[in-house]
Amino acid sequence: QLICVSPTFYQLPWYADHPTDKTVWQESYLLKSVIPLVEKQYSTRGDRQGRLLVGFSKSGWGAMTLLLRNPETFAAAAAWDAPLMMEQFGQYGSGPIFGTRENFQRYWPSRLLAQARESLGVRPRIIHLGHGNFRDHHERFERLLNERHFPHRYVDGPVREHAWGSGWLPEAVHSLMEAVEPNAD
């Protein structure tokens, strides 16, 4: 069984915490409010293996950074057509969410990968798919994962519209379900 939760925000969903504006604490909101609420209201595993992340574009960045920043909380993340190698503060409307360049840098997937190798283990917990607006980001992210010998799954194609309903989600969810350790406690 799979319970899907799709939180909404009044700002763009980068899943980051602003350094000074507590009304823009998206990461904390998900970790401290949404997850506990879901686990209280529904019969869930209540552990890392029962928590998967999926997103596209900005929320794909968010899914990946949530996994890399909180590997003890989530089993795996799938990002589709996401700007995973974005390193310019303020691009794609990210400025008001991150607040400062320094805070933005705390969420760079490339920087987080350097810190996450041991905590992610040997199972492929990173899944990225994309052959659309951000294909170059996915190709560079793939090179980085291979250079650093991270277990992962990459699907390059087919070309799809940059939209939730373009057909990528079933493959992403299937890949996430495969990433969960069977009979893990």
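None of the figures in this text is laboratory data; all of them are computed from the coordinates on show. In this text, all values refer to a predicted model and were calculated from it rather than measured experimentally. Cβ coordinates were reconstructed from backbone atoms using ideal geometry, including for glycine residues, and neighbour counts include every protein chain displayed.
Laid out as a table, the results:
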item: Protection proxy ranking, peptides 124-135, 46-57, 151-162, 74-85, average beta carbon neighbours within 10 Å, highest first; result: 74-85, 124-135, 46-57, 151-162
item: Relative pair counts by distance (%), Cα atoms of the range 1-100, 10 Å bins; result: 15, 49, 30, 6, 0
item: Theoretical FRET efficiency, 1/(1+(r/R0)^6), r = Cβ-Cβ of Gln1 and Ser28, R0 35 Å, to 0.05; result: 0.80
item: The range 84-185 - Rg (one decimal) and Dmax (whole number), Cα, Å; result: 15.1, 42
item: Contour minus Cα-Cα distance for Lys40 and Thr8 (0.36 nm per residue); result: 9.6 nm
item: Rounded to whole Hz, the Karplus (6.51, -1.76, 1.60) HN-Hα couplings of the range 92-107, x for glycine and proline; result: 6, x, 7, x, x, 7, 7, x, 9, 4, 4, 5, 4, 5, 5, 10
item: Relative contact order of the chain, pairs being alpha-carbon contacts under 8 Å that are 6 or more residues apart, as %; result: 22
item: Residues whose placed amide H lies under 5 Å from that of Trp25, excluding near-sequence neighbours; result: His18
item: Zero-based 5 Å bins, Cα pair distances in the chain, whole percents; result: 1, 8, 17, 22, 21, 17, 10, 3, 0
item: Helix-only mean residue ellipticity at 222 nm for the chain, each DSSP H run of n ≥ 4 adding -39500 (n - 2.57), per residue, nearest 500; result: -10000 deg cm²/dmol
item: Phe150-Arg111 FRET efficiency (beta carbon distance; Förster radius 25 Å; 0.05 resolution); result: 0.95
